[in-house]
Structures are given as C-alpha cells and as structure tokens.
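Data first, discussion second: the structure below is written as structure tokens.
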Amino acid sequence: MQVLIACHSDYGNTKKMAEAIAAGTRAGQPGATVLLRSAEQTSLDDLRGADVIIFGTPVHMGSMAWQMKQLIDRAAKLWMEGALEGKIGGVFATGGGFGGGGGGVEQTMIALYSNFLEHGMIVIGFPKSLPGYADGGLQWGPYGRSGNHEGMPAGVTDAALTSARSYGAHVAEVAAQLIAV
C-alpha cells in the first residue's frame, strides 16, 4: 500500500500531526510505504501513485492554507483523467482561533473532503470509538488546536498527536480492507 500524506505547515504543528499520522499508518499496516510531503513538493505523480491520500492544513481565516488549495488546483488535471477515482482519502487540520471553536476547522475539513469526492475518491472519517477522539478528533478527522488564548502559536498537544496516530492506523486498516476486496 502506497500512502501519501501531503500538508502545509506554518509553525511546524501540522507537520507534527502529519508525522504522527504517518507513525500510526505504519503501525496499522507495517508493510505500507508512507511518503510525507509538503503541499508545495507534492507532484501529480505522487498523487497518481498513491493508494491512500491524506491532506492536512492549518486553518487560515476559516479555510485551508493557500498552499494546499494550490495543490488541489494543480490536481484538477487528474480530475480530467479520472486518475484519483477509487483511491482512499483522509484529512486533518490544525488551528488556533479565538473562543476554542477551531476558527473554521470543520469547514476546512469539509472543503478538503469535497475535493476528494469530486475526484471520485472514498473518504474515511474518524469514529468516536478510536483513541484520542475525545481530545483531538472530529468526525471528519483529527484536529490539533495550536493556538493559545491570545491567538498566538502554542503547539499541538500530546492528546492531538495521539488522535493523529490513531487516525493514521484507522485509515491504513480500512484501506487495506478495501484494497483487498
């Protein structure tokens, strides 16, 4: 199984979540090949070659980082080819935002999933029964709150990283079942 985790990270928090997802993916499917790339470094061939694609982004003013959107726009050519149809997708995000509400994280994750569905991909959510969900999860995927009460970068918690590892293992296990069919 080829797994691509593509993300953008402003302060290193999204990258930490990506690394935790990669660790969980390897634990969930020890034979999986995991490629971790920044959105800017991700090529169309990386997307074509992956069985599983996981996108991650910080939340910027209620939406995804422009670097992630740029990757999605570059991948429009793959939509024309039908190159991502049937692949498995997952998402995660980080963000600060005031008020503890996540500053648009759900909207951001839905936008990422919308793109995957446009490509004909199969998407994997985050069940509440998995470890870490209560502290760092939404039904859409893991979320690492990375801002303090003043809205400044503060880093993601160990609980958020636990949710990311759990999600990575879950996506890999479900993908293995789907690929085997």
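Screening the candidates Gln139, Gln107, Gln67 for the property of being polar (S, T, N, Q), modelled with pLDDT of 95 or more and over 15 Å from Leu4 (Cα atoms) yields one hit, Gln67. For the range 50-94, the candidate set comprises residues that are outside any helix (DSSP H, G or I) and aromatic (Phe, Trp, Tyr); within that set, the residue that is farthest from Asn13 (Cα to Cα) is Phe55. Determine if the range 105-128 includes at least one residue that is over 17 Å from the mean Cα position of the chain (by Cα) and either of a type in the set (Asp, Glu) or crowded, with 23+ Cβ neighbours inside 10 Å (or both). Scanning the range 105-128, I find no residue that is over 17 Å from the mean Cα position of the chain (by Cα) and either of a type in the set (Asp, Glu) or crowded, with 23+ Cβ neighbours inside 10 Å (or both), so the answer is no. Scanning the range 75-99 for residues that are within 30 Å of His149 (Cα to Cα) and over 12 Å from the mean Cα position of the chain (by Cα), we see that the one that is modelled with the lowest pLDDT is Gly99. For the range 154-179, a tally of residues being in contact with a strand residue (DSSP E or B) (Cβ under 8 Å, 6 or more places away or on another chain), crowded, with 16+ Cβ neighbours inside 10 Å, of a type outside the set (Phe, Trp, Tyr) and outside any loop (DSSP other than H, G, I, E, B) returns 10.
Listed by first and then second residue, the pairs linking a residue in the range 123-138 that is closer than 15 Å to Ile54 by Cβ to a residue that is at pLDDT below 90, with Cβ atoms under 6 Å apart and 6 or more places separating them unless they lie on different chains, are Phe126/Gly137. Scanning the range 101-114 for residues that are touching a strand residue (DSSP E or B) at 6+ places or on another chain (Cβ under 8 Å) and more than 25 Å from Glu150 (Cβ to Cβ) yields Ala111, Leu112, Tyr113. Kindly check whether there is at least one residue in the range 140-150 that is in a strand (DSSP E or B), crowded, with 18+ Cβ neighbours inside 10 Å, on the phi < 0 side of the Ramachandran plot and over 16 Å from the mean Cα position of the chain (by Cα). Yes, there is a match, as at least one residue in the range 140-150 is in a strand (DSSP E or B), crowded, with 18+ Cβ neighbours inside 10 Å, on the phi < 0 side of the Ramachandran plot and over 16 Å from the mean Cα position of the chain (by Cα).
Restricting the first member to the range 78-93 and to residues that are free of Cβ contacts under 8 Å to residues at least 24 places away in the same chain and of a type in the set (Gly, Ala, Ser), and the second to residues that are assigned to a strand (DSSP E or B) and buried (at least 20 other Cβ atoms within 10 Å of the Cβ), no beta-carbon pair is closer than 7 Å while six or more apart or on different chains.
The values are calculated or read from the model by the stated rules, or taken from the named source; none is laboratory data. Being a predicted model, the structure only gives us computed values, none of them experimental. Positions of Cβ are generated from backbone atoms using ideal geometry, with glycine treated the same way; all protein chains shown enter the neighbour counts.
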